[in-house]
Structures are given as C-alpha cells and as structure tokens.
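A short write-up of the structure that comes next.
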Amino acid sequence: MRSARVLVSICIPVHNTEAHLGRCLESVASQNFPSLEVVLINDRSTGKDEKGRKCKKIVRSFEKKTKIPVKFIEHFRYVPLLETRRELIENARGEYILNVDSDDFLAPGAVQTLYDSALQSAADITCGTERIYKISGQDGSIQISEKRYAVYKEGVVHDREIFDSFIVRHEISAFLWAKLIKREVFLDAMNEIPFMDSSLSVDTPMFFFIALHSKKYVGINNVVYYYLEDEGITTSKPITNLESWRRHCTVASIYSFLLTYEGSFTEEEKEGIRANSRFFLYNSVLRLKNQVIPPLRPEARRMLCEWWGEHFVETVEKAVDEKSAQTE
C-alpha cells in the first residue's frame with residue numbers, strides 16, 4: 001500500500017547501466033527508512049544485467065521484493081539528461097529529494113542519517129560525504145577507496161554564503177548525489193532553468209539555483225554514498241563518434257545561460273561563473289587532444305568552436321599548450 005505521506009524520494013536516471021542497477025536498488029532496499037519512494041526513469045536504456053534482465057524487469061523485481069513504491073517512467077525518444085532530472089523531480093512526491101546515479105549505491109543507513117540531520121537542523125540542503133569504488137576481477141568484486149571525488153564543506157552555511165561557497169570559494173561541489181534537498185527548493189530552482197539540450201555537467205545549473213534559493217546548508221561528516229569511478233561520458237576512454245563529442249559540446253549552452261542570467265551578482269561571483277566555464281572548456285580541449293580519435297579531430301574541433309565560439313576556444317587552446325610546455 002502506498003503511504004499517503006512520502007518523506008524522501010530517491011530519484012534515479014538509468015541509461016545502459018543495468019549491470020550496476022541491481023546493486024544500486026539493493027542499497028535502497030537496505031535503507032530501512034519508513035517513508036520512502038523510488039522515482040526511476042529508463043532513458044532509452046538497452047542494457048541487461050548478469051541475469052539477462054532489462055531495466056524494467058530489474059525494477060519490477062525490486063518493487064515486488066521490497067514493497068517500496070516505484071514510479072517507473074520510460075523514454076522512447078532522446079531526452080537530454082537535464083530534462084530527465086527535471087522530470088524525476090516533478091514526479092516525486094517526497095518532502096525531500098535524494099538523487100542517486102544508477103551505477104552508484106547508498107551507504108547503509110544513509111537516508112536516515114541525512115533525514116535526521118535535515119529534520120534537526122531545518123536545512124534546505126543536507127550534504128554527506130562519499131567514497132569512490134571500483135569493480136575489479138572476473139568476479140566483479142568491489143574495491144572501496146578512501147579517496148573522495150566531490151568537494152565537501154562540513155558545518156552550517158546560511159543564505160548567500162551557500163552560493164558563494166559553491167561558485168566563488170569552491171568549498172561545495174555541484175554534484176547532486178549525497179545531498180538531501182527539500183523538494184520545494186528543488187522545484188523553485190528548476191523553474192529558473194529553461195529547456196536545455198545537455199546531458200553533461202547538468203548538476204551545475206541545477207545546484208547553481210538550488211544554492212541561490214536555499215536558506216540553510218548543513219554538511220555532515222558521514223559517508224552516505226559510493227561513487228563508481230571511471231564510468232560514463234566524462235572518463236578517459238577514447239571518443240570514437242561525433243554524437244558522444246556533441247554531448248561534450250552542449251555544455252556550452254549551460255554556461256551561456258548562466259553567464260547571461262539576469263541576477264544580482266557581485267563581481268567576484270561573476271568571475272566565479274566565468275572561471276567555471278573556462279575550466280570546463282579547458283578540459284574539453286584536453287579531451288579533444290587526448291581522447292577524440294585522430295580522424296574525428298578536425299570536425300570535433302569545428303563543433304567545439306561552433307558551440308563555444310572560435311575565439312574562446314583558441315584562447316583556451318593557447319593556455320593548454322602553455323601548460324603542456326611547462327610540464328615537458
């Protein structure tokens with residue numbers, strides 16, 4: 001029976017990560033939190049797990065076994081990841097949102113730990129810590145590292161200091177995972193963001209406005225999340241087709257929007273936004289040089305210039321070359 005009141009909605013987008021989805025959902029099942037739901041979108045996923053099960057069958061098995069209510073949505077056409085995340089939030093019923101990537105998993109008791117802290121502090125954002133894990137060996141064994149991927153700030157931050165801790169001082173990362181966020185704040189933030197054809201770095205504009213709309217942030221020193229290293233489209237794997245490269249280029253639309261957003265920002269905050277855009281383009285230029293296969297590079301560079309502007313690309317290319325010369 002579906003509970004009339006849902007305290008926490010766990011939002012999970014799935015795209016060809018069926019090999020990991022069972023582990024992710026098992027970590028949700030082990031939470032033992034009394035008022036929980038899962039909102040999951042199968043974003044044209046075509047993968048299978050080790051038992052040969054597709055996404056829908058994995059999810060239905062989870063729902064039957066755990067009795068945790070699931071809102072299951074399927075996409076049959078291309079939907080950018082940012083819009084998928086928007087759809088997840090809009091379909092959630094919980095008072096709080098916890099985003100979980102389908103190839104990651106939650107620590108035992110993570111939801112209760114985050115919720116108790118949020119309730120006690122009345123925080124809009126409650127942030128825990130994460131650890132990186134890898135899968136190794138033929139048996140698929142998990143190796144958990146003490147390394148962390150995200151920037152994290154412990155303690156309480158109020159009002160505009162939340163935004164400045166993110167965009168100016170880089171003390172809080174944009175990653176949505178490991179953060180329990182009030183749904184009403186999430187919805188206010190999403191109302192600021194127009195439709196965007198972007199499937200990379202989408203946490204940045206979302207957290208940008210979440211930080212602006214939040215009154216209180218609390219960072220707790222508890223491991224609540226395990227992040228799979230070296231997966232997805234941001235890894236060091238070779239880029240062998242232009243559609244994959246196009247997804248890198250579309251991030252320009254995010255920063256173009258943020259740089260032209262008509263908000264009241266200090267010069268320091270404006271420079272923080274510009275620095276973020278330069279950082280991402282810098283990494284894109286590195287990927288162009290090191291990951292895009294040689295036959296595609298001329299067209300890939302043309303695409304990069306089309307999205308970011310030729311002058312901006314040339315400026316960053318010069319910076320990359322200078323840095324490379326210094327390290328030789």
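Bear in mind these aren't lab numbers, they're just calculated from the coordinates by the rules spelled out. This structure is a prediction, so every number in the text was calculated from the model and none was measured. Methodologically, a virtual Cβ is constructed for each residue, glycine included, from the backbone with ideal geometry; neighbour enumeration extends over all protein chains shown.
Some points to look at:
- If the segment from Thr46 to Lys270 were pulled out straight at 0.36 nm per residue, it would be longer than the present Cα-Cα gap by 76.5 nm.
- FRET E, pair Asn290, Lys65, Förster distance 45 Å, beta-carbon r, rounded to 0.05: 0.55
- For a straight C-alpha distance cut-off of 27 angstrom, the lysines reachable from Lys323 (same-chain residues fewer than eight places away being disregarded) are Lys147, Lys237, Lys270, Lys289.
- Protection proxy ranking of 258-266, 185-193, by the mean of other Cβ atoms within 10 Å over each peptide's residues and highest first, is 185-193, 258-266.
- Label corresponding to mean projected area of the Cα convex hull in nm² when calculated from the structure given, among [x] 16.2; [y] 17.0; [z] 17.9: [z]
- Sequence-distant aspartates and glutamates (8 or more away, or on other chains) whose Cα lies within less than 15 Å of Lys64: Glu26, Glu37
- Extension gain, Glu310 back to Arg278 (0.36 nm per residue minus Cα-Cα distance, nm): 10.2 nm
- Crossing angle, helix 55-66 versus the chain [Cα axis fit, 0-90 degrees, rounded to tens]: 30 degrees
- The relative contact order of the chain, computed from alpha carbon pairs under 8 Å that lie at least 6 residues apart in sequence, is 17 percent.
- Legend: calculated FRET efficiency, Lys318 to Glu192, from the Cβ-Cβ distance at R0 = 41 Å, rounded to 0.05, equals 0.75.
- When you filter the trypsin sites (Lys or Arg not before Pro) in the stretch 125-205 for DSSP loop state and at most 12 other Cβ atoms inside 10 Å of their Cβ, you are left with Lys147.
- Available extension along the chain between Glu146 and Glu171 is 7.1 nm, counting 0.36 nm per residue and deducting the alpha carbon span.
- Estimated [θ] at 222 nm from DSSP helical runs (n ≥ 4, -39500 (n - 2.57)) normalised by residues in the chain, nearest 500: -14000 deg cm²/dmol
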